[in-house]
Amino acid sequence: MSIGNSPEDERPFEGVPQEEARPSIGHTLKQARLAAGLTVDDVSAATRVRIVIVHAIEADDFAPCGGDVYARGHIRTLAKAVHLDPGPLLEQYDADHGGRPAPTPAAPMFEAERIRPERRGPNWTAAMVAAIVAVVGFVAFTAFKGDADGGGSNQQVAEGGAPEQSTSPSPSATTKKPADPKPDPTESAIAAAPRDKVTVQVAAVDGRSWISAKDHNGRLLFDGLLEQGDSKTFQDSSKVNLVLGDAGAIELHVNGKKIEDDFQPGAVERLTYTKGDPQVG
């Protein structure tokens, strides 16, 4: 009986089973390697199959391969490295090990080798940018709201004069002692009021009074409390609108002339004055 790398036309003795006459997979691979002039190290370096596994397969020990699927893969790789057709060797392996294994889904087989995405920590840069944007938005909103709420107070300026601070009447305000009537220092200025404008002088001579003054566009010139002895002068190109909280305590001069209306104490008066002769609107 002839065994080993015999030609294809060489037949086993009659009566001997075909499987017994056929050389093992490991023997066939080893003989082919030797015929190719390769060492185990050469085959391992060319196929990246570990040396211990190459030795085990050539000894027909497939346990180190880790299963039929891997064993078949190693057989195919080693057969190509020593210039053999892997097909017959794989058929022989399947026949010796219960048939060809069922296909194994790729995902479970290589799950351990799959590169998992790197776990990232919190994105502090994005969080910081979001916080800055929120702060800037809040500051802008506060500034805009402050401008909208305080726009009226910024307009409380009489034409040609300095801004006047608004003072709201308070029930708990301490009442000042009546002061001696003061001489009117603006009498000469009122008498010389320009003719192309309307000039209104308001003086609290008989007590304190709340007053409000607006120009012809409705812009607020003053809104506050005049204490006894205080006075305010307003000018506009065409019209001044007044509201007197206690008209009886007020003395008015319009365009240099004193208004002789008989205002009653505690009475609220709404007045409008224009250029020319004083007139009550």
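So which trypsin sites (Lys or Arg not before Pro) in segment 40-93 are both in a DSSP loop and have at most 10 other Cβ atoms within 10 Å of their Cβ?
On the way: sites: ARG48, ARG50, ARG72, ARG76, LYS80; in loops: ARG48, ARG50.
Listed in order of number, the matching sites are ARG48.
Could you state how much accessible area PHE263 has, in square angstrom rounded to the nearest 10, with a 1.4 Å probe and all protein chains kept in place?
Approximately 30 Å² of PHE263 is accessible to the 1.4 Å probe.
For segment 193-281, which whole percent of the accessible surface, found with a 1.4 angstrom probe, sits on carbon and sulfur atoms? The partial results should precede the final answer.
Details: 1680 of 4080 Å².
For segment 193-281, the apolar C and S fraction of the accessible surface comes to 41 percent.
Measure up LYS145/LYS239; LYS214/LYS258; LYS145/LYS275 against 28 Å on the Cα-Cα distance and list the ones that go over.
Values: LYS145/LYS239 31 Å; LYS214/LYS258 20 Å; LYS145/LYS275 38 Å.
From the list (LYS145/LYS239; LYS214/LYS258; LYS145/LYS275), the Cα-Cα distance tops 28 Å for LYS145/LYS239; LYS145/LYS275.
Roughly what would the spin-label model give for SER238 and ASN217, points 7 Å off Cα along C-beta, in nm?
1.2 nm
The values are calculated or read from the model by the stated rules, or taken from the named source; none is laboratory data. Since we're looking at a predicted model, the values are computed, not measured. Cβ coordinates were reconstructed from backbone atoms using ideal geometry, including for glycine residues, and neighbour counts include every protein chain displayed. Remember, those area values only see protein heavy atoms, side chains included, never the ligands or the DNA or RNA. Shrake-Rupley method; radii C 1.70, N 1.55, O 1.52, S 1.80 Å.
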